[in-house]
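The structure appears below as structure tokens.
The values are calculated or read from the model by the stated rules, or taken from the named source; none is laboratory data. This one's a predicted model, so the numbers in the text were calculated from it and none came from an experiment. As a convention, Cβ positions derive from the backbone with ideal geometry for all residues, glycine included, and neighbour counts pool all protein chains shown. Areas reflect the complete protein model, heavy atoms only, side chains present, ligands, DNA and RNA absent. Shrake-Rupley method; radii C 1.70, N 1.55, O 1.52, S 1.80 Å.
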Amino acid sequence: MKLEEQSKNDDGTIDYLYTTTFKVYDENSSKIYEKEGEVTISTTNNELKIDRDWSRGVKIDGLNGGL
């Protein structure tokens, strides 16, 4: 997973872009896919909290609907 800081917000949260890479395979072949998204993280009582998460869907060859 790749995580890239985008901005620090006035309320103390931080926005990140992320890319997750995964491999789908069967007995005959394999293919690598990437899923991109955004996440906003805050710190409360010294613990990280995800306040917002958004991701783009990924169409996987051979699967109905994708991820």
- Query: If you check N28, N46, which single one turns out to be at positive phi and open to solvent by 70 Å² or more (accessible area, probe 1.4 Å)?
  - Reply: N46
- Task: Enumerate the pairs (first residue in segment 1-29 and under 26 Å from N46 (Cα atoms) and touching a residue at least 12 places away in the same chain (Cβ under 8 Å); second residue anywhere and open to solvent by 100 Å² or more (accessible area, probe 1.4 Å) and not in a loop (DSSP other than H, G, I, E, B)) with beta-carbon separation below 6 Å, excluding pairs fewer than 6 apart on the same chain, so at least 6 apart or on different chains.
- Result: I14/K8; T19/K2; T19/E34
- If you take the residues in segment 4-14 that are over 16 Å from R56 (Cβ atoms) and touching a strand residue (DSSP E or B) at 6+ places or on another chain (Cβ under 8 Å), which one is least open to solvent (accessible area, probe 1.4 Å)? T13
- Message: So, V39, is that one in a loop (DSSP other than H, G, I, E, B) and either within 11 Å of the chain's Cα centre (by Cα) or modelled with pLDDT under 85 (or both) or not?
- Response: no
- Item | Any chance Y18 is of a type in the set (S, T, Y) and open to solvent by less than 50 Å² (accessible area, probe 1.4 Å) | yes
- Task: State whether the residues of segment 55-62 include one that is outside any strand (DSSP E or B) and open to solvent by less than 50 Å² (accessible area, probe 1.4 Å).
- Result: yes
